[in-house]
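Colleague: Here's a structure for you.
The values are calculated or read from the model by the stated rules, or taken from the named source; none is laboratory data. All of these numbers come straight from a predicted model, not from anything done at the bench. A quick note on method: Cβ atoms are made from the backbone with ideal geometry, for glycine too, and the neighbour counts reach across all protein chains shown.
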Amino acid sequence: MDIQQRVQQLTDLINYHNHLYYVESRQEISDYEFDQLMEELLKLEQENPEFASPTSPTKRVGGDITRKFETVKHRYPMLSLSNSYSKEEIIDWANRATRLVNEPFEYVCELKYDGVAIGIQYIGGKIFRAVTRGDGSRGEDITTNIKTIRSVPLELKGDYPEDFEIRGEIIMPIASFEKVNEQRRVNFEEEYANPRNLTSGTLKSLDSKVAAERRLDSYLYGLYGDNLPFKSHYEAVMKAKTWGFKTPSEEQKYIFKTSSVDEIMDFIEYWDVQRDFLPFQIDGIVVKINDYSIQKKLGFTAKSPRWAIAYKFKAETVETVLESVSYQVGRTGAITPVANLKPVSLGGTTVKRASLHNADQIEKFDLHIGDYVYVEKGGEIIPKIVGVNTDKRMPDFPKIVFISECPECNTPLVRREGEAQHYCPSDRSCPPQVKGRMEHFIARKAMNIDGLGSETIDLLFSKGLIKDVSDLYRLRFDQLVDLDRMGEKSANNLLKSIEASKQVPFERVLFAIGIRFVGETVAKQLARAFKNIENIALAKYDDLIAVEEIGEKIALSVQQFFSEEEHIHLIERLMNIGLQFRQEEIALASNALESKSFVVSGVFSEFSRDEIKHLIEANGGKNVGSISSKTDYVLAGENMGPAKLEKATKLGIPIISEADFKRMIGQE
């Protein structure tokens, strides 16, 4: 078998097993065997790029960087559905349709997936373009991100039309959503509120690797095209399944055909209860008239089709008793109050706790211990208190007073001006803060130390083996091998991973040490702007806020961090251990921009903003984040911020184009 034949054979095999696993929920080979097939295909494509197809399953892993999403006009308007909130409105809609067409017809009931609407065009059986709803007439081309979703076929099978569009919803399974939030909890970052918002943000990411990592899913159910060979919506959905699409399943009751309004009501009532047991979120039921000829007779209003309507579920609210309030201490010392509730069933789960966010939230509701509170999930995963039944409040219910001392170390709390959170300032001795910083330090996007988790950190801390992150690099085999669930192999692997982390680049080390408000992006900007830890430690306030992404709050936090002697000592210990605290020098392509400072604003056609900033530095220039009298040039792309334009004009700063910039560095 020659290489091209093997590439095609592997492609067909992987597509088959992908469809089996992600669409039909079946598995014929192990994950290891699947990974071996994928690795072989990837290797063959890298060695023989002429045989790599644009629709190869290797494209699923993401990695393509999009400079900006192109706006595309929909071939067929992508309208929203009119919403109803009562069964009476559904009955009225059905009666109006009956009067208008004056002939019997069928309905199709489907789940209303709480996701992001998408239209995907296929030409010749291959994915061509995927476009968001946008304003209904135009949307954004996000094909690179859609290709990473394993339930979206890159190539079709069977007797598909030559050119058509299929529409549906991109969703985030609850398991994927909770996995993302679990990682954010480890990093002591604010959790996402609900899967739909995270899905939307993921699909708008310019880096398709983000979409690939978050394991989105799809349900596709609406076919559009010229001269499609179907008479009804239901027929089209069933046929699309045979081409390889993940469509609503009749067996799972995700789709249901009926000619009875009473059975529509039964379908709605069934899913109003059963929705809590789905692996994804829905927010209602969609009812459509099945026959395409009747759909055509009924037509459209300006905003929505007359032949379809959505029934929206009401957010479930329950009443229960607020039994107590406990307080959690985060990695940064932030104190989060948590309401402990009398257990109550809500959304298919037993709810015992709800976040109260901060002292202002407690004050807003004037909460008392023993209050009967209203708890809601709505479109969110995390329950929240939305009100209080004051009619049931007794005179002896004690008012909740926010604590004044840390619940872990008894240090008096502080609340900084302009902030909602209270903080424990004892970051060197408060156990949750110390352990939390260690968990943040070892995380994948920080030092990426495998073999360590929160339980192991807790165990090492409790045994006195680690007091801060520098102690990780002093751990010995004999200290680790006898720990619970460790063993020789795990101990050796952990020590190797710790040693390997010494090669992690400066920007990630800067993120890992846990300066308040310094996330991944800010750490990258600081590393690029100041080159090494010494320069950051000595940076003046004006120097810090001149860096893009750095505002007053971050600048003050950075200065505060390096004003504390213990932090300086920690940095020194980590430097002596061998961690990277200097940015790798960029090899200069020229000195054409030497000593010139640039502010970059807008969107560019030939380069991404990151590429332009790299070119500025590679040619001896300096990137700054805000315009001042010391700025030499403003490099302006499309949609430059009006405030920056006004300030540059007022200060007389030269505004140059992408073409001007290319001439300056000798690329044109």
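Colleague: Residues that are in contact (Cβ under 8 Å) with a residue 60 or more places away in the chain and either of a type in the set (Phe, Trp, Tyr) or closer than 30 Å to residue 467 by Cα (or both): which strands (runs of 3 or more DSSP E) entirely in the range 329-436 hold 1 or more of them?
Modeller: In the range 329-436, 334-346 are the strands (runs of 3 or more DSSP E) which contain 1 or more residues that are in contact (Cβ under 8 Å) with a residue 60 or more places away in the chain and either of a type in the set (Phe, Trp, Tyr) or closer than 30 Å to residue 467 by Cα (or both).
Colleague: Of (1) in contact with a helix residue (DSSP H, G or I) (Cβ under 7 Å, 6 or more places away or on another chain); (2) among the hydrophobic types (A, V, I, L, M, F, W, C); (3) surrounded by 15 or more Cβ atoms within 10 Å (Cβ to Cβ), residue 477 satisfies all except one. Which?
Modeller: Just one mismatch for residue 477, condition (3).
Colleague: Pairs, please: C-beta under 7 Å, at least 6 apart or cross-chain, first residue touching a residue at least 24 places away in the same chain (Cβ under 8 Å) and in the same structural domain as residue 485 (by TED's automatic domain parsing) and in the range 443-463, second assigned to a loop (DSSP other than H, G, I, E, B) and aliphatic (A, V, I, L, M)?
Modeller: Hits for this filter: 447/504; 448/504; 459/483.
Colleague: Still on this structure, please answer the following. Can you tell me which residue among 376, 419, 405 is touching a Cys at 6+ places or on another chain (Cβ under 9 Å) and not assigned by TED's automatic domain parsing to the domain that holds residue 274?
Modeller: 405
Colleague: Oh, and also: Considering each of 281, 328 in turn, give the residue that is among the polar types (S, T, N, Q), under 30 Å from residue 368 (Cα atoms) and at pLDDT below 95.
Modeller: Checking each option against the conditions leaves just 328.
Colleague: I'd like the full set of residues that are modelled with pLDDT of 90 or more, surrounded by fewer than 18 Cβ atoms within 10 Å (Cβ to Cβ) and out of contact with any strand residue (DSSP E or B) (no Cβ under 7 Å at 6 or more places or on another chain), limited to the range 410-442.
Modeller: 410, 431
Colleague: If you check residue 546 against the conditions, is it more than 28 Å from the chain's Cα centre (by Cα) and among the hydrophobic types (A, V, I, L, M, F, W, C)?
Modeller: Here the answer is yes, as residue 546 does meet what is asked.
Colleague: If only one of 634, 624, 603 is closer than 20 Å to residue 531 by Cβ and of a type in the set (Val, Ile, Thr), which one is it?
Modeller: From the options 634, 624, 603, the qualifying one is 624.
Residue-wise test of (1) within 20 Å of residue 257 (Cα to Cα); (2) more than 27 Å from the chain's Cα centre (by Cα); (3) without any contact (Cβ under 8 Å) to a residue 24 or more places away in the chain.
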| residue | (1), (2), (3) |
| --- | --- |
| 75 | no, yes, no |
| 81 | yes, no, no |
| 92 | yes, yes, yes |
| 97 | yes, yes, no |
| 101 | yes, yes, no |
| 109 | yes, yes, no |
| 121 | no, no, no |
| 127 | no, no, no |
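Colleague: Still on this structure, please answer the following. Could you tell me which residue of the range 547-588 is modelled with the highest pLDDT, considering only residues that are over 22 Å from residue 502 (Cα atoms) and in contact with a strand residue (DSSP E or B) (Cβ under 9 Å, 6 or more places away or on another chain)?
Modeller: 547
Colleague: Search the range 287-325 for residues being small (Gly, Ala, Ser) and either within 29 Å of the chain's Cα centre (by Cα) or assigned by TED's automatic domain parsing to the domain that holds residue 107 (or both), and hand back the single one that is surrounded by the most Cβ atoms within 10 Å (Cβ to Cβ).
Modeller: 308
Colleague: Starting from residues that are surrounded by fewer than 19 Cβ atoms within 10 Å (Cβ to Cβ) and modelled with pLDDT of 85 or more, keep the ones in the range 517-527 and report whichever is farthest from the chain's Cα centre (by Cα).
Modeller: My answer is 517.
Colleague: Pull up the range 602-654, narrow it to residues that are of a type in the set (Ser, Thr, Tyr) and over 19 Å from residue 667 (Cβ atoms), then point me to the one that is surrounded by the most Cβ atoms within 10 Å (Cβ to Cβ).
Modeller: The qualifying residue surrounded by the most Cβ atoms within 10 Å (Cβ to Cβ) is 631.
Colleague: Go through the range 498-516 residue by residue and tally those that are over 23 Å from the mean Cα position of the chain (by Cα) and of a type in the set (Asp, Glu).
Modeller: Final tally of qualifying residues: 1.
Colleague: Can you name the number of the only condition in (1) within 29 Å of residue 337 (Cβ to Cβ); (2) at pLDDT below 90; (3) of a type outside the set (A, V, I, L, M, F, W, C) that residue 489 fails?
Modeller: (1)
Colleague: Among residues belonging to the range 279-303 that are in contact (Cβ under 8 Å) with a residue 12 or more places away in the chain and aliphatic (A, V, I, L, M), point out the one that is nearest to residue 135 (Cα to Cα).
Modeller: 286
Colleague: Would you say residue 104 is modelled with pLDDT of 85 or more, surrounded by fewer than 19 Cβ atoms within 10 Å (Cβ to Cβ), under 29 Å from residue 202 (Cα atoms) and in the same structural domain as residue 301 (by TED's automatic domain parsing)?
Modeller: no
Colleague: In this structure, is residue 463 surrounded by fewer than 20 Cβ atoms within 10 Å (Cβ to Cβ), within 30 Å of residue 481 (Cα to Cα) and more than 27 Å from the chain's Cα centre (by Cα)?
Modeller: yes
Colleague: When only residues in the range 128-154 that are part of a strand (DSSP E or B) and either more than 23 Å from residue 207 (Cα to Cα) or touching a His at 6+ places or on another chain (Cβ under 9 Å) (or both) count, which is modelled with the lowest pLDDT?
Modeller: Checking each candidate, the answer is 138.
Conditions tested, residue by residue: (1) of a type in the set (D, E, K, R); (2) in contact (Cβ under 8 Å) with a residue 12 or more places away in the chain; (3) not assigned by TED's automatic domain parsing to the domain that holds residue 457.
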residue	(1), (2), (3)
498	no, yes, no
512	no, yes, yes
518	no, yes, yes
535	no, no, yes
540	yes, no, yes
545	no, yes, yes
554	no, yes, yes
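Colleague: Then there is this: Across the range 450-472, which residue is modelled with the highest pLDDT among those that are among the small types (Gly, Ala, Ser) and not in a loop (DSSP other than H, G, I, E, B)?
Modeller: Out of the qualifying residues, it is 470.
Colleague: I want to confirm something. Restricting to the range 326-352 and keeping residues that are of a type in the set (Lys, Arg) and farther than 30 Å from residue 512 by Cβ, which single residue is surrounded by the fewest Cβ atoms within 10 Å (Cβ to Cβ)?
Modeller: 342
Colleague: Let me ask another. Could you tell me whether residue 613 is outside the structural domain of residue 529 (by TED's automatic domain parsing) and more than 28 Å from residue 535 (Cα to Cα)?
Modeller: Taking the combined requirement at face value, the residue does not satisfy it.
Colleague: If you don't mind, there's one more thing I want to ask. Filtering the range 590-610 down to residues that are touching a strand residue (DSSP E or B) at 6+ places or on another chain (Cβ under 7 Å) and part of a loop (DSSP other than H, G, I, E, B), which residue is nearest to residue 663 (Cα to Cα)?
Modeller: Per the stated criteria, the residue is 596.
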